[in-house]
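The values are calculated or read from the model by the stated rules, or taken from the named source; none is laboratory data. Small disclaimer: the values here were computed from a predicted structure and weren't measured. Here the Cβ positions follow ideal geometry from the backbone for every residue, glycine too, while neighbour counts run over all protein chains shown. For the accessible areas, the whole protein counts, side chains as well, though only heavy atoms, and no ligand, DNA or RNA atoms are used. Shrake-Rupley method; radii C 1.70, N 1.55, O 1.52, S 1.80 Å.
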Amino acid sequence: MTNITSNSRWGIKFAVSNLTAILGILSGINSTTAVEAPQTDVKIPKSISEIEITETSASSLQPTHQEISQNTTPKSEAEPDIELDVTEKLLNQPVFSPFRREGTVKDSTRPIYVITGEEMEAQGARSVREALKFLPGVLPDGTVGTEPHALSNQFIRGSNGEQVLILLDGRPINNLGSGRFDLSEFTTNNIERVEVLPGGGSTLYGSDAIGGVINIITRRPTKDKITTDAKIDFGSYGLNQQSIQSSGKTGNIGWVVGYNRTQGKYNYPFSIPEVNFRGVRKNNDVLYNNFNVKLEADLDKRNTLTLSSLYLGKEQGVPGGVPILVPQFGQGSGNVLTDRNRKYTDQVLSDLTWNSKLGKGNDSLLTARFYTDFINTRFDSNSITIPPQFNRRFETKQSSYGFQGTHSWQFSKNQSVVYGFDYRNVNVASSAVRFTTGVKTPNYDDSIGQGAIFARYEIGLIPSIKLNLGLRQDFNTLANASATSPSVGAKWDISNSTTIRANYIRNFRVPTVANLFNLNPTNIGNPNLKPEKGDSFDIGIDQKLGDIGLLRLTFSKITYLTQLPLNLFVQLLMESLELGKILA
């Protein structure tokens, strides 16, 4: 249910409520026992499905797979049976996002959903955008095509792509020009898992986390052996994919190095009977060239240094849309099909991370990270030929760097704290160049600096009740763009099979550079915009279904006040109306 009410002259207040039911259940028998058999290999596959039902979306499935293999030789005595508990598998999945440290699903007061790299491979997901289809609570497709390279625009609990924070190994990568990040850029060959945390996340992660957080966790080096995987895939519509990944550890140095090349044409026939159209979708090809490298050095038994870098390169055709001429100025009246529009993306995402275990135990971890990113996108518009001077190239270049410092400390049996600081500086420039004259027109060229201190405290009041309190103070180089984000969460284990949980978080989102400073005549920025601010609530119950599954029911509500950027036409219209009132 969505309620929209006018709140101020330039502001709109949104309220989005959802009731979500999640069911994780084993297909087939309730439990499985692996028993030793002489000279036999036994493999027992299992699958888990998670289904979400909301008021406005169809069911989503999250299959997971568990496989146990046993190689044995005859023995006089049988080994103990191995019990496979699907419920515990769900609850003990490792996650980072709800705590800003390593934890498990059952430790979180927030509902969180995970898809692993093995599950992505089993489902045939070629990009992170495709992988998100199998997670409940998120709509990743946006409105531009259904192919693997189609642009993604994540919708979580009624929020849009600008209000969902994208993390790479726990640090932000959202484009501060547009506010989004296209998850179709990430191929899945280097992904360990993807976590989706619905609801606000500003207390731990700051701006943009109004609707939720998506955290992409990349693979770490294998410790016990050196592995090399090479794959070649072919498919319909000209799909061909080659990838190679090497992982291992020698002495104190571990590594993951990989390359993925994916190409496809995706020219297929289609029709739109409503407008009497039938044709072939042309200029819909794509070429990925993605590289990844991660080096992990054990400085000693308690200190680790990790260098990670990703190169994401993608070239694709942009076929455009079918023109719909009725109504005359309707939504599809400006569509144009073209075989000449092209989009190019080059991204380099790098970070250096130091982990240090403090003291003599494993209950205190200090993490320091420096990261730097370079993101370049180019769109060649050749669809308008009359007059030809309107054909242009649109370029956006973003460079950013940031620091993170986090200390996670379990200072007693039932108490822990996570605290630290964040800083990120982003410069982004956008311009348009006419092909015929070479004249360059700037749209915007500016930077934003964001800093914050934060803390999250967790206590077990009694063994069955846990409470967490969080607070974050953000600072910004923009006027009136600082924010305070408190949070509180609780979970109560009523019994061994039933848990009640509840959360509240205060959220915010800083306007993008385009919202503030865009000079495009059709979308003039408004430098007086203030951050969106709002509240996120959720309450739910988790019910174990014996050993075969987990039922999760969640009611959530997100409200926020947004300040809309006004283009020049709207500003002039409002000014003329105000002038008319004065003259009257």
Across region 87-130, how large is the tail of the calculated P(r) beyond 14 Å, expressed as a percent of all Cα pairs? 52
So what's the gap between the Cα centers of region 443-473 and region 501-538, to the nearest angstrom? 19
How big is the Cα convex hull of region 285-332 in projection, averaged over all directions, in nm²? 6.3
Reported to two decimal places, what Rg/Rh ratio describes region 106-233 when computed on Cα atoms with Rh from the Kirkwood expression? 0.98
Could you go through region 459-471 in sequence order and give the Karplus-derived ³J(HN,Hα) for each residue, using 6.51 cos²θ - 1.76 cosθ + 1.60 with θ = phi - 60°, rounded to whole Hz, and x for Gly and Pro? 9, x, 4, 9, x, 9, 10, 10, 10, 10, 10, x, 8
Which value does Rg/Rh take for region 314-387 over its C-alpha atoms, Rh per Kirkwood? 1.42
List, in order, the whole-Hz ³J(HN,Hα) value for each residue of region 529-536 obtained from phi through the Karplus relation with A = 6.51, B = -1.76, C = 1.60 and θ = phi - 60°; use x for Gly and Pro. 5, 10, x, 6, 9, x, 10, 10
Please name whichever of P463, F403, G334 sits farthest to the positive end of the charge dipole of region 325-464, dipole taken about the Cα centre and charges placed at Cβ: Lys and Arg +1, Asp and Glu -1. G334
Rounded to whole Å and ordered largest first, report the semi-axes of the equivalent ellipsoid of region 351-452 derived from its Cα gyration tensor (root of 5λ). 49, 11, 10
How long are the semi-axes of the equivalent ellipsoid of region 381-523, defined as square roots of 5 times the Cα gyration tensor eigenvalues? Whole Å, largest first. 49, 18, 13
Taking Cα centroids, how far is region 216-237 from region 251-295 in Å? 17
Using a 7 Å offset from the Cα along the Cα-to-Cβ direction at both S412 and F555, what is the distance between the two label points in nm, to one decimal? 3.5
D (µm²/s, integer) via Stokes-Einstein for region 211-294, Kirkwood Rh across alpha-carbon pairs, 4 °C, 1.567 mPa s: value 80
Stokes-Einstein D in µm²/s, Kirkwood radius over Cα pairs - region 264-415 at 4 °C with 1.567 mPa s viscosity: 64
Excluding residues fewer than 8 positions from K533 in its own chain, the lysines with Cα under 17 Å of it are K13, K557
Where L90, L139 fall by accessible area, highest first, once all protein chains stay in place (1.4 Å): L139, L90
Where a Cα-Cα gap under 26 Å defines reach, which lysines qualify for K249, not counting those fewer than 8 residues away within the same chain? K223, K225, K231, K294, K301, K357, K360
Pull up the cross-link candidates among the lysines for K106, meaning alpha carbon to alpha carbon under 16 Å and not fewer than 8 places away within one chain. K89, K466, K491, K544
Given the Cα-Cα distance of K231 and L307 and 0.36 nm per residue of separation, how much length would full extension add, in nm? 24.8 nm
FRET efficiency for S350 and F329, using Cβ-Cβ distance with R0 set to 30 Å, rounded to 0.05: 0.05
Starting from the Cα gyration tensor of region 192-350, multiply each eigenvalue by 5, take the square root, and state the resulting semi-axes largest first in whole Å. 42, 23, 13
Using the per-residue mean of other Cβ atoms lying within 10 Å as a proxy for protection, in what order, highest first, do the peptides 273-283, 522-532 fall? 522-532, 273-283
Normalise the Debye intensity by I(0) for region 456-527, one equal point scatterer per Cα, no solvent, then take log10 at q = 0.13, 0.15, 0.17, 0.27 Å⁻¹ and round to two decimals. -0.59, -0.66, -0.74, -1.13
Order D298, D373 by their accessible area, 1.4 angstrom probe, all chains in place, largest first. D298, D373
Going by average Cβ neighbours within 10 Å, how do the peptides 197-210, 345-358, 410-423 rank, with the highest at the top? 197-210, 345-358, 410-423
